[in-house]
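Following: one structure in structure tokens, then a few remarks.
The values are calculated or read from the model by the stated rules, or taken from the named source; none is laboratory data. Note that the coordinates shown come from a computational prediction; the quantities given were computed from them, not determined experimentally. Here the Cβ positions follow ideal geometry from the backbone for every residue, glycine too, while neighbour counts run over all protein chains shown.
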Amino acid sequence: MSYEFYKVMHLTGIFMVISAIGAHLLNGLLGGSKQFVGKKFVSILHGIGLLIVFVAGFGLMARIGLMGGSWPIWVILKMVVWLFLGVVILIPRYKPTWTKAVWFAVIIAGSFAAFLAFYKPFLS
């Protein structure tokens, strides 16, 4: 598949993940109700989005020739961001008072991931 296809899939997955995180964080801002009506749908959206981001990210890496040998630091940092965005939906449920700070942390993490993707610093 083409580089463009993987890029569109990667962005689609990112939109799914960020919208699901936003729904969980909004629930946290509204008091963190355990009776969150859309919890199952939003959690599924989040998980599928993470999977799409992961698979499409590896497809993009293959298209730019990074699948042989060790990965550059920017790829490893993007995976750390991916892991953070994977677990961040748990915070509003267990620590609803942290929700506002987490909202900004998600924005910063997403911006950092975009920076890494566009500029590819630390390229070996």
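Mind listing whichever residues of the stretch 12-44 are in a helix (DSSP H, G or I) and among the charged types (D, E, K, R)?
Lys39, Lys40, listed by residue number.
For the stretch 62-83, enumerate the residues that are part of a helix (DSSP H, G or I) and surrounded by 12 or more Cβ atoms within 10 Å (Cβ to Cβ).
Matches in the stretch 62-83: Ala62, Arg63, Ile73, Trp74, Val75, Ile76, Leu77, Lys78, Met79, Val80, Val81, Trp82.
Condition first: at pLDDT 90 or above and farther than 16 Å from Ile18 by Cα. Can you find one or more residues in the stretch 97-109 that meet it?
For the stretch 97-109, residues at pLDDT 90 or above and farther than 16 Å from Ile18 by Cα: present.
How do the pairs read when you match residues in the stretch 1-28 that are more than 16 Å from Trp103 (Cα to Cα) with residues anywhere that are crowded, with 20+ Cβ neighbours inside 10 Å and of a type in the set (Val, Ile, Thr), using Cβ under 7 Å and keeping only pairs 6 or more apart or on different chains?
Listed pairs, sorted by first residue: His10/Val53; Gly13/Val53.
So which pairs qualify, if the first residue must be in the stretch 70-92 and within 21 Å of Phe15 (Cβ to Cβ), the second must be assigned to a helix (DSSP H, G or I) and modelled with pLDDT under 90, the Cβ gap must be under 8 Å, and the two must be at least 6 apart or on different chains?
Ile91/Gly28; Pro92/Asn27; Pro92/Gly28; Pro92/Leu29
Counting only residues that are in contact (Cβ under 8 Å) with a residue 24 or more places away in the chain and not basic (Lys, Arg), which one in the stretch 99-108 is nearest to Gly47 (Cα to Cα)?
Val106
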